[in-house]
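Here's the structure, in structure tokens; my notes come after.
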Amino acid sequence: MKSMISRKLFGFTEKFRGATVVNPVRDGPRTGGLQQFLQNLNHKGQGEGVAVEVGEEAPVRSASPLMQIESFLFALTNANQDGRVVVQQQGTLAQCSLKFLMLNPAVHFCEVLQDCRSVIIAGGTMQPVSDFKQQLLIAAGLLPERIVEFSCGHVIPPENILPIVLCSGPTNQQLEFTYEKRGRPDMMDETGRILVNLCNVVPGGLVCFFPSYEYEKLILDHWEKSGLLPRITAKKKIFQEPKRASHVEQVLSEYSRCIKFSGQNSGALTGAVLFSVVGGKMSEGINFSDDLGRCVVMVGMPYPNIRSPELQEKMSYLDHTLPKTHGVSAGKVLIENLCMKAVNQSIGRAIRHQGDYASVLLLDHRYSRPSVLAKLPHWIRTSTEVKQNFGPAFASIRKFFHMKKSQS
């Protein structure tokens, strides 16, 4: 492992691996990968090249399985208390996995802290940052008073964003999208009524994030049966996040074209609505600037799967090694931080430049808790309004877009 010979072979074989996989019975014996490279060396002087064509959906396979084994064995050299071996058994052998889960990253990061005079950890959406400070810095032996936290504001003026925490819907149904309650018909109906009302006042594009693909399918099927979906499509054309990554660009192009067409024609259609999933293909790295994202709706709080073996091990480790924060265990703090990091990534998709403006609607009364509000980015938190009832929230949104329209 010290020589890193497997990594060197990996890089070499990746560069010169074969372009296709053939059936030796059907196609006859062919050479590929390294053999093909050696054969092509004879034609170098004749100016012949090697063309490699990979299909769009071709699976990416490691050229050196030994590299994975080496990495796993190297991980096992960590102390027993710092890591866990997680075995997941599925229906077939190909679906099973064997992982090493590093529970204490500070054991390696402390070397960086010891050798450097200053360490800067920078990023875009890092809030809440308590995980970094507690698990990476303080756990590595750094004194809390030596940690300096800096978060700059946003380039947009405060009046260009309207974040609202909505606690109840149009029929005064309290919004609480826990796993036990979110599948109730009355909860899904109330969410649909909110979107129908929003489509009447929000110009351009409306991006709606659901906590999971399963819930997105469940609620859309329910709206179609209840008749709420046609009421939405009467004002905005519906687009859904595709399941295949290769189709994302096509959906975004059609979504953008629909919004542009609606803005140029004074018809019944006022734009488009895009249904997406937190942590999916469109919650990070996609810019819904200007009319592409005038309103972002977050349905519920996207807590991670607490039944995940990796998450259970991490929570158990933190509960045994870190103190409670305001009476809350370190494992529960981790769950809430992961949730809010995902929320912050998603709602930040709409505001992309100084002249941009948008409304952000957080659908769940749990967002009004001080501990949760404190984990929103500062530039959003300072403008956030908590609305117990739908009427005042809808009036604020309507006034916000009416004012922006009059200024344009």
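For region 139-156, give me each residue that is in contact (Cβ under 8 Å) with a residue 24 or more places away in the chain and either out of contact with any helix residue (DSSP H, G or I) (no Cβ under 7 Å at 6 or more places or on another chain) or among the hydroxyl-bearing types (Ser, Thr, Tyr) (or both).
Once the filter is applied, which keeps residues that are in contact (Cβ under 8 Å) with a residue 24 or more places away in the chain and either out of contact with any helix residue (DSSP H, G or I) (no Cβ under 7 Å at 6 or more places or on another chain) or among the hydroxyl-bearing types (Ser, Thr, Tyr) (or both), region 139-156 yields Ser151, Val155, Ile156.
Name the residue that is most open to solvent (accessible area, probe 1.4 Å), counting only residues in region 101-154 that are among the β-branched types (Val, Ile, Thr) and more than 28 Å from Pro370 (Cβ to Cβ).
Ranking the qualifying residues of region 101-154, first place goes to Ile120.
Hey, among Glu224, Glu249, Glu254, Glu284, which residue is charged (D, E, K, R), open to solvent by 40 Å² or more (accessible area, probe 1.4 Å) and under 21 Å from Leu334 (Cβ atoms)?
Glu284
Determine which member of the set Arg294, Arg366, Arg349 is surrounded by 15 or more Cβ atoms within 10 Å (Cβ to Cβ) and touching a strand residue (DSSP E or B) at 6+ places or on another chain (Cβ under 6 Å). Show your work before the answer.
Details: Arg366 fails: touching a strand residue (DSSP E or B) at 6+ places or on another chain (Cβ under 6 Å); Arg349 fails: touching a strand residue (DSSP E or B) at 6+ places or on another chain (Cβ under 6 Å).
So the residue among Arg294, Arg366, Arg349 that is surrounded by 15 or more Cβ atoms within 10 Å (Cβ to Cβ) and touching a strand residue (DSSP E or B) at 6+ places or on another chain (Cβ under 6 Å) is Arg294.
Between a residue in region 393-408 that is open to solvent by less than 20 Å² (accessible area, probe 1.4 Å) and any residue that is of a type in the set (S, T, N, Q), which pairs come within a Cβ distance under 9 Å, given they are 6 or more apart or on different chains?
Note: pairs meeting the criteria are Ile397/Asn197; Ile397/Ser359; Phe400/Ser359; Phe401/Ser359; Lys404/Asn160.
State whether one or more residues within region 233-240 are assigned to a loop (DSSP other than H, G, I, E, B), modelled with pLDDT under 95, open to solvent by 10 Å² or more (accessible area, probe 1.4 Å) and touching a Lys or Arg at 6+ places or on another chain (Cβ under 8 Å).
Taking region 233-240 and keeping what is assigned to a loop (DSSP other than H, G, I, E, B), we get 234-235.
Restricting the remaining residues to those that are modelled with pLDDT under 95 gives 234-235.
Within this subset, residues satisfying the condition of being open to solvent by 10 Å² or more (accessible area, probe 1.4 Å) are 234-235.
The next check asks that each one be touching a Lys or Arg at 6+ places or on another chain (Cβ under 8 Å); those that pass are none.
Taking every residue of region 233-240 in turn, none turns out to be assigned to a loop (DSSP other than H, G, I, E, B), modelled with pLDDT under 95, open to solvent by 10 Å² or more (accessible area, probe 1.4 Å) and touching a Lys or Arg at 6+ places or on another chain (Cβ under 8 Å).
Give the residue, chosen from Glu176, Glu216, Glu190, that is without any contact (Cβ under 8 Å) to a residue 40 or more places away in the chain, outside any strand (DSSP E or B) and not β-branched (Val, Ile, Thr).
Criteria check complete, one pass: Glu190.
Quick one: in region 307-346, which of the residues that are touching a strand residue (DSSP E or B) at 6+ places or on another chain (Cβ under 9 Å) and open to solvent by less than 20 Å² (accessible area, probe 1.4 Å) is farthest from Ser130 (Cα to Cα)?
In this case the residue turns out to be Ser346.
Taking region 257-268 as the region of interest, how many residues are open to solvent by 60 Å² or more (accessible area, probe 1.4 Å) and touching a Lys or Arg at 6+ places or on another chain (Cβ under 8 Å)?
1
I need every pair where a residue in region 260-271 that is polar (S, T, N, Q) has its Cβ under 8 Å from the Cβ of a residue that is assigned to a loop (DSSP other than H, G, I, E, B) and modelled with pLDDT of 85 or more, sequence separation at least 6 or different chains.
Ser262/Leu269; Ser262/Thr270; Thr270/Val202; Thr270/Pro203; Thr270/Lys235
The values are calculated or read from the model by the stated rules, or taken from the named source; none is laboratory data. Just so it is clear, the structure is predicted and the values come from calculations on it, not from any experiment. Cβ: placed from backbone, ideal geometry, glycine included. Neighbour counts: every protein chain shown. When the accessible area is computed, the model is the full protein with side chains, heavy atoms only, and any ligands, DNA or RNA have been set aside. Shrake-Rupley method; radii C 1.70, N 1.55, O 1.52, S 1.80 Å.
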